[in-house]
1. Would you check if there is a residue in the stretch 311-322 being modelled with pLDDT of 95 or more, closer than 23 Å to Gln8 by Cβ, out of contact with any strand residue (DSSP E or B) (no Cβ under 8 Å at 6 or more places or on another chain) and away from the ligand (no atom under 15 Å from the Cβ)?
2. Contact list please: Cβ distance under 9 Å, first residue in the stretch 107-133 and without any contact (Cβ under 8 Å) to a residue 40 or more places away in the chain and farther than 30 Å from Glu81 by Cβ, second residue away from the ligand (no atom under 15 Å from the Cβ) and of a type in the set (D, E, K, R), pairs at least six apart or on different chains.
3. Would you be able to tell me the number of residues in the stretch 22-36 that are of a type outside the set (A, V, I, L, M) and touching a strand residue (DSSP E or B) at 6+ places or on another chain (Cβ under 8 Å)?
4. Look through the stretch 203-230, keep the residues that are β-branched (Val, Ile, Thr) and under 30 Å from Lys529 (Cβ atoms), and return whichever of them is nearest to the ligand (Cβ to nearest atom).
5. For Asp648, indicate whether it is in contact with a helix residue (DSSP H, G or I) (Cβ under 9 Å, 6 or more places away or on another chain), closer than 25 Å to Ser257 by Cβ and assigned to a loop (DSSP other than H, G, I, E, B).
6. Does Ser200 satisfy the condition of being of a type in the set (Gly, Ala, Ser), within 16 Å of the ligand (Cβ to nearest atom) and more than 27 Å from Ala326 (Cα to Cα)?
7. Given the criterion in the same structural domain as Phe149 (by TED's automatic domain parsing), over 23 Å from Ile295 (Cα atoms) and surrounded by 19 or more Cβ atoms within 10 Å (Cβ to Cβ), identify the matching residue among Leu349, Leu338, Leu317.
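The values are calculated or read from the model by the stated rules, or taken from the named source; none is laboratory data. What you see is a predicted model; the values in this text were computed from it and never measured. Cβ: placed from backbone, ideal geometry, glycine included. Neighbour counts: every protein chain shown.
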Amino acid sequence: MTNEKDKQLEAFRRDHSGDTPLTTNQGLKMAEDEFSLKAGERGPTLLEDFHFREKMTHFDHERIPERIVHARGYGAHGEFELYEDLSEYTKAKFLTDTSKKTPVFVRFSTVQGSKGSNDTVRDARGFATKFYTEEGNYDLVGNNIPVFFIQDAIKFPDLVHAVKPEPHNEIPQGGTAHDTFWDFFAQNPESTHMTMWTMSDRGIPKSFRTMEGFGVHTFRLVNAEGKSHFVKFHWKPLLGTHSLVWDEAQIIAGKNSDYNREDLYEAIDKGDYPEWELGLQILPEEDEFKFDFDILDPTKLWPEEEVPVKRVGKMTLNRNVDNVFAETEQVAFHPGHLVPGIDFSNDPLLQGRLFSYTDTQLSRLGGPNFHQLPINRPVCPFANNQRDGMHQTFVHKGQTAYHNNAINNNNPHTTPAEEGGFEHYHEKIDAHKVRARSESFKEHYSQAKMFYNSLSKPEKEHLRDAFAFELGKCKHDFVKENAVANINKVDKDLATQIAEKIGVDAPTTDEEVKSDKKSPALSMENTVKKLDTLSVALLVTEQSDEAKIKKLLTTLADNKVNYKLVSEKAFKLGELKVSETFDTVHSTLFDGLIVLDVKTPLLPPVKDFIEAANRHFKTIGYDASVAKALEETAVDVAQPGIVEMSDDANKYLEALVVQRHWDRKL
Ligand code: HDE
C-alpha cells in the first residue's frame, strides 16, 4: 500500500481472478450464463428468468449522466510533498507539516466535448486535484489557463450554452469553431483575455504531463493567528509546458483520439511519474488595491514578474486507477471543499461555483451520499447528523441524529477553531445589495494585450491562425465582423491579419489598447526543456544493421528517451522486435524522428510520415545512406533540427531537446 487513500480503497477492491464462481447479486451460484430460460429450445423467454432480468436490468442502468462540462477526463493517484513549513501564511496541516506525504487524486479534462470526444481538440483543460488531508479533503479545481471567460457565475449557463455544440444540430463536438461561441465572445468582451489563451498554443497541450495548472481565483491563506493573505495557486510541470501544432493536433485526432490519456496512463505504467511543483503567489491583504486591475476579477492574472511564484511542494502522480468508472468518473470535486487555513475571496465567479458543484453531483451521482463513494471519502474520520438518502451505505447506530442533544452528550460535537475546527474568515462586509459589475471589473483588454505582447513570433502566428480557423468556420458574416471588431480593441494588426484571412473588412478604427507591457512567464518559448520521456520513431527496414540500431537505442535509453522501431511491416530484426508500422503509427505521435533506412522510391505513407515531422518542426535525424531518399521529400537537410546521424547520437539529442525548431523554413 502506498498511502492512507490506497489502504482505504483496498477495502473496496474486488478481484475476480482465480477461482471465482459466478453468482447473482444475491450470491446464488449459477449453473448457466449463456442461455436465457425459454419455453422450449426455440420458444419465448420466460419471465421467471431472474438471472436474465437481473443481468439485463443492471446493464440497462450502467450509464450515469456525464458532467455538464469537463465530461471527458482522465485521472490518476499520487502524492504531494511539502518543501517548507508555510505556517507564516496558513494553518493548513498539509501546508505546514513537511514530514507528511498527502495522498492526491487528479482528474484532467477537456471542457467542451462529450465523454467520447477527441483528446487533442482546441479547448481549455481542467486540472482538478483532491488532497486527502488529515483534516479532510481539500480540492483545488483548476484549469490549464490562469483566467476565465466570465466574471460572474450567473453567466456560466450562458457561456456554456454558447460553447457547447449548437442545440439545433449538435455540431461541433469538442471545439469552439462555431457561431454561438464567437457571438458570445463579441457580445461579452470580458471573455477576450481567456479566448486569447485558448487560441494560443495553450489550447492544444501536448500532454497532461506538460501542462501548467492554475487555481484561477484569488483565495485566502489564513494562519493560526487569523491573519490572512491573498493567494493564487499554480502547478508547474517539471518537464516544462509544451503544446502541439494545430495541424498535428487535427491529424492525431484521427490517428489516436486517446492521445493525452494514453500518454498519462503509459507514463505512469512505465514508472515515468509526472511531477508538478505547487506554486503560490502570495499577496498581503494591505496590497489588495496596489494593481491596475482588481485582484478579485477572475479574467485577470497576477504577472509572475510582479508577484513571484513561490514553489512550496511537489506532486507526483504514481498510480493509475484500477477502474475508470469507480474512480475517475465518480470522483466529485468542489472548490468549496476546504481545510482550516484556506478560505475564499469575494470573486463573484468563485462564489457561484460554491453552489454549483454539489448541486451537479446530485443528478450526476444520484443523491446526497456521493461523499461515501470510495474515491470521495476523506481519509480522516467523518461524522455528523446527516442520515438516510439514496445510496446510504453506512449503518449509523444510536438514538440521536440531531444537535444539540443530551441523550448522546451532544455528539457528534463541534470543535473550537483553536483545536482544528473550521471557522470562516472574519471579513467585515458593509454593503448594499445590488446586481452590478464593479467599476474595477470593467476593463477587458489590457491583459489580453499583455498576453499577446508576451508571445514569441511563432506563438503569435499560431494564435492568428487559430482565430482564422475558428472564425472561418462561422456561418454568419456579422459574427465574424463583430469578433474582429473585438480583437481590434486588443491589437489592430492582429485583427487586420485575421480579417484578411477570413474575408471580412479589415478594421479602420484605431481602438487598440496602447500598452507594450509583457510578462515573459506567459510565453512557452521560455519554458523548461528536457529530454526525459521524449519519444522518437526510428525508421528501419529488414536490411538494417542490428548492432548499429542497438547502440543507438542504448544511447536513447540512457538519456531517458523513449523510442519505437517503425517499418512497412512488423518483423524481427535479430533480437529486436519491429512492432509498429506505417499502418499503425504516424510521426505526429512522436517528438522526433530518426530515418535509418527506408525503401526507395518512398511510398506515400512513408513520405507523409517524414514530411509531417518536418512541417511540425520536429527533430529529424538521418543516416548518410538515406540522404538521397530524403530528396524525394520536402525536407531540406540544411534547415535547423535536421541532423545527420554520426556514430554518437549526441548531436541528435542536442537538437531533440529543443523539441520544435520554429526557425526552420518550410
Ligand atoms: Fe467548473 N464546473 N464551473 N470551473 N470545473 C464543473 O462540476 C462551474 C470554473 C472545473 O474533473 C462541474 O462536477 C461554474 C472555473 C473543472 O470532475 C460544474 C463555474 C474553473 C471541472 C461546474 C465554473 C473550473 C469543473 C461539472 C462558473 C477553473 C472538472 C461537473 C461560476 C478554475 C472537475 C462537476 C472534474 C466541473 C460549474 C467555472 C474548473 C457544473 C458554475 C473558473 C476542472 O459544477
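1. For the stretch 311-322, residues modelled with pLDDT of 95 or more, closer than 23 Å to Gln8 by Cβ, out of contact with any strand residue (DSSP E or B) (no Cβ under 8 Å at 6 or more places or on another chain) and away from the ligand (no atom under 15 Å from the Cβ): present.
2. Correct list of pairs: empty, since none qualify.
3. 3
4. The residue in question is Val216.
5. No: the conditions fail for Asp648.
6. Working: of a type in the set (Gly, Ala, Ser): yes; within 16 Å of the ligand (Cβ to nearest atom): no; more than 27 Å from Ala326 (Cα to Cα): yes.
Answer is no for this residue.
7. Numbers: Leu349 fails: over 23 Å from Ile295 (Cα atoms); Leu338 fails: over 23 Å from Ile295 (Cα atoms).
Criteria check complete, one pass: Leu317.
Residue-wise test of (1) more than 10 Å from the ligand (Cβ to nearest atom); (2) in contact (Cβ under 8 Å) with a residue 40 or more places away in the chain; (3) closer than 23 Å to Phe219 by Cα.
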| residue | (1), (2), (3) |
| --- | --- |
| Gly352 | no, yes, yes |
| Ser356 | no, yes, yes |
| Asp359 | no, no, yes |
| Leu362 | yes, no, no |
| Ile375 | yes, yes, no |
| Val379 | yes, yes, no |
| Asn384 | yes, no, no |
| Arg387 | yes, no, no |
| Met390 | yes, no, no |
